[in-house]
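Enquirer: Just dropping this structure here.
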């Protein structure tokens, strides 16, 4: 079980964030059409971005064990024993990603906060 490096993690983050931003923009603008034509309540773009971010990571990492960014870098999410992570661990991992300070814990914990709390690792596959 070879844990991936920071460069791979950054590549995963960039690819996934670009995909999430595109989905969020389409969702946000689609919702704004309902706001304009049917009088639905408007929401801030952040609600769409962070909601889609949570669902994106939860669904991809639970069903496939990886996101499109991790597919690109041939890596996957596992528990500390090297087995498939449970739904509870993936849920906690996805929820912790919503904290904006998540990545700043790398120098202190030698891993991201979402890996630390959920007791998971990103390894080469």
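The values are calculated or read from the model by the stated rules, or taken from the named source; none is laboratory data. Quick caveat, the model's predicted, so the values are computed rather than measured. So basically every Cβ, Gly included, is an ideal-geometry build from the backbone, and we count neighbours across all protein chains shown.
Enquirer: How many residues are assigned to a helix (DSSP H, G or I), surrounded by 15 or more Cβ atoms within 10 Å (Cβ to Cβ) and out of contact with any helix residue (DSSP H, G or I) (no Cβ under 6 Å at 6 or more places or on another chain) when one looks only at the range 1-12?
Expert: Counting residues in the range 1-12 that are assigned to a helix (DSSP H, G or I), surrounded by 15 or more Cβ atoms within 10 Å (Cβ to Cβ) and out of contact with any helix residue (DSSP H, G or I) (no Cβ under 6 Å at 6 or more places or on another chain) gives 3.
Enquirer: Would you check if residue 30 is outside any helix (DSSP H, G or I) and either under 21 Å from residue 100 (Cα atoms) or free of Cβ contacts under 8 Å to residues at least 40 places away in the same chain (or both)?
Expert: The answer is no for residue 30.
Enquirer: Quick one: is residue 75 surrounded by 16 or more Cβ atoms within 10 Å (Cβ to Cβ) and under 13 Å from the mean Cα position of the chain (by Cα)?
Expert: Answer is no for this residue.
Enquirer: Tell me which residues, restricted to the range 97-122, are at pLDDT 90 or above, outside any helix (DSSP H, G or I), out of contact with any helix residue (DSSP H, G or I) (no Cβ under 6 Å at 6 or more places or on another chain) and surrounded by 15 or more Cβ atoms within 10 Å (Cβ to Cβ).
Expert: Passing the criteria: 121, 122.
Enquirer: Select from the range 78-87 the residues that are surrounded by fewer than 15 Cβ atoms within 10 Å (Cβ to Cβ) and within 15 Å of the chain's Cα centre (by Cα) and list them in ascending order.
Expert: Result: 87, single match.
Enquirer: Shifting gears a bit: For residue 81, which of the numbered conditions (1) out of contact with any helix residue (DSSP H, G or I) (no Cβ under 7 Å at 6 or more places or on another chain); (2) assigned to a helix (DSSP H, G or I); (3) over 15 Å from residue 124 (Cβ atoms) fails to hold?
Expert: Evaluating residue 81 over (1) out of contact with any helix residue (DSSP H, G or I) (no Cβ under 7 Å at 6 or more places or on another chain); (2) assigned to a helix (DSSP H, G or I); (3) over 15 Å from residue 124 (Cβ atoms) leaves (2) as the failure.
Enquirer: If you don't mind, another one. Any residue at all in the range 19-31 that is within 30 Å of residue 82 (Cα to Cα) and crowded, with 16+ Cβ neighbours inside 10 Å?
Expert: Looking for residues that are within 30 Å of residue 82 (Cα to Cα) and crowded, with 16+ Cβ neighbours inside 10 Å, one finds at least one in the range 19-31, hence yes.
Enquirer: Within the range 93-125, can you find the residues that are without any contact (Cβ under 8 Å) to a residue 40 or more places away in the chain and under 11 Å from the mean Cα position of the chain (by Cα)?
Expert: Passing the criteria: 93, 96, 114.
Quick grid of which residues meet (1) within 14 Å of residue 112 (Cβ to Cβ); (2) in contact (Cβ under 8 Å) with a residue 60 or more places away in the chain; (3) out of contact with any strand residue (DSSP E or B) (no Cβ under 9 Å at 6 or more places or on another chain):
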residue	(1), (2), (3)
53	no, no, yes
57	yes, no, yes
61	yes, no, no
66	no, no, no
73	no, yes, no
78	no, yes, no
84	no, no, no
88	no, no, yes
91	no, no, yes
